[in-house]
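See structure below.
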Amino acid sequence: QVQLVESGGGEARPGGSLTLSCAASDSEFTLNSYTVAWFRQVQGKEREGIACTSSTSVITDYADSVKGRFTISRDKAKNTVTLQMDSLISDATAVYYCAAGGAHSTIVRLRLWTFLDFDYWGQGTQVTVSS
């Protein structure tokens with residue numbers, strides 16, 4: 001099955017920024033057509049939903065922990081999804097994953113997307129925030 005590929009992870013200082021990108025391993029896969037979400041996970045803890053965008057990109061949703069600091073967006077020409085992370089704090093340190101699946105925009109609007117069974121996943125990219 002098609003796999004998603006995350007890139008852009010690395011190290012940042014508190015207050016700094018990083019930009020993550022999500023793309024498909026198969027160039028023929030149309031990521032633009034799917035609901036796409038970003039998750040993060042710290043070793044030994046539950047996976048946390050961070051941000052989600054509907055297939056039309058009209059609806060977006062964010063976890064309270066990142067609201068106002070992270071932005072999810074699409075580059076439709078490149079068929080990719082970006083997570084812009086600003087004002088980073090130490091608890092942003094985690095492995096970040098992107099996921100894609102079919103969902104009605106209402107699911108995103110009602111903030112139910114964290115319960116979706118996403119069809120496609122990436123293998124993750126490490127983000128480390130430290131001084």
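The values are calculated or read from the model by the stated rules, or taken from the named source; none is laboratory data. Please read these numbers as outputs of a predicted model, since none were measured by experiment. Counting neighbours? That spans all protein chains shown, and the Cβs are built from the backbone with ideal geometry, glycine included. The protein model used for the area step is the full one, side chains on, heavy atoms only, and it has no ligands, DNA or RNA in it. Shrake-Rupley method; radii C 1.70, N 1.55, O 1.52, S 1.80 Å.
Would you mention how many residues in region 94-131 are farther than 17 Å from TYR62 by Cα and among the hydroxyl-bearing types (Ser, Thr, Tyr)?
Of the residues in that region, 5 qualify.
Just to verify a result, which residue in region 3-41, among those that are β-branched (Val, Ile, Thr) and open to solvent by less than 60 Å² (accessible area, probe 1.4 Å), is nearest to ASP64 (Cα to Cα)?
VAL36
Quickly run through region 42-62 and pick out the residues that are closer than 18 Å to TRP121 by Cβ and either of a type in the set (Ser, Thr, Tyr) or surrounded by 15 or more Cβ atoms within 10 Å (Cβ to Cβ) (or both).
If the condition is that a residue be closer than 18 Å to TRP121 by Cβ and either of a type in the set (Ser, Thr, Tyr) or surrounded by 15 or more Cβ atoms within 10 Å (Cβ to Cβ) (or both), then GLU48, GLY49, ILE50, ALA51, CYS52, THR53, SER55 are the ones that fit.
Does ILE72 satisfy the criteria of being in contact (Cβ under 8 Å) with a residue 40 or more places away in the chain and buried (at least 17 other Cβ atoms within 10 Å of the Cβ)? Before you say what the answer is, go through the steps one by one.
Values: in contact (Cβ under 8 Å) with a residue 40 or more places away in the chain: no; buried (at least 17 other Cβ atoms within 10 Å of the Cβ): yes.
The answer is no for ILE72.
Could you list, in sequence order, all residues of region 68-102 that are in a loop (DSSP other than H, G, I, E, B), among the small types (Gly, Ala, Ser) and either within 16 Å of the chain's Cα centre (by Cα) or within 30 Å of ARG13 (Cβ to Cβ) (or both)?
Listed by number, the residues that qualify are GLY68, SER87, GLY102.
From the list SER131, SER87, exactly one residue is open to solvent by 10 Å² or more (accessible area, probe 1.4 Å), of a type in the set (Ser, Thr, Tyr) and on the phi > 0 side of the Ramachandran plot. Which is it?
SER87
Residues being modelled with pLDDT of 90 or more and touching a helix residue (DSSP H, G or I) at 6+ places or on another chain (Cβ under 9 Å): count how many of those fall in region 102-111.
Matching residues across region 102-111 total 2.
Can you name every residue in region 36-65 that is out of contact with any helix residue (DSSP H, G or I) (no Cβ under 8 Å at 6 or more places or on another chain), hydrophobic (A, V, I, L, M, F, W, C) and not in a strand (DSSP E or B)?
VAL42, ALA63
List every residue pair whose Cβ atoms sit under 8 Å apart, with the two residues 6 or more apart in sequence or on different chains, where the first one lies in region 1-23 and is part of a strand (DSSP E or B) and the second, anywhere, is of a type in the set (Lys, Arg).
ALA23/LYS78
Report the residue count in region 40-89 for those that are closer than 21 Å to HIS104 by Cβ and among the acidic types (Asp, Glu).
Total meeting the criteria: 1.
For region 101-123, how many residues are open to solvent by less than 30 Å² (accessible area, probe 1.4 Å) and closer than 28 Å to SER90 by Cβ?
Of the residues in region 101-123, 3 are open to solvent by less than 30 Å² (accessible area, probe 1.4 Å) and closer than 28 Å to SER90 by Cβ.
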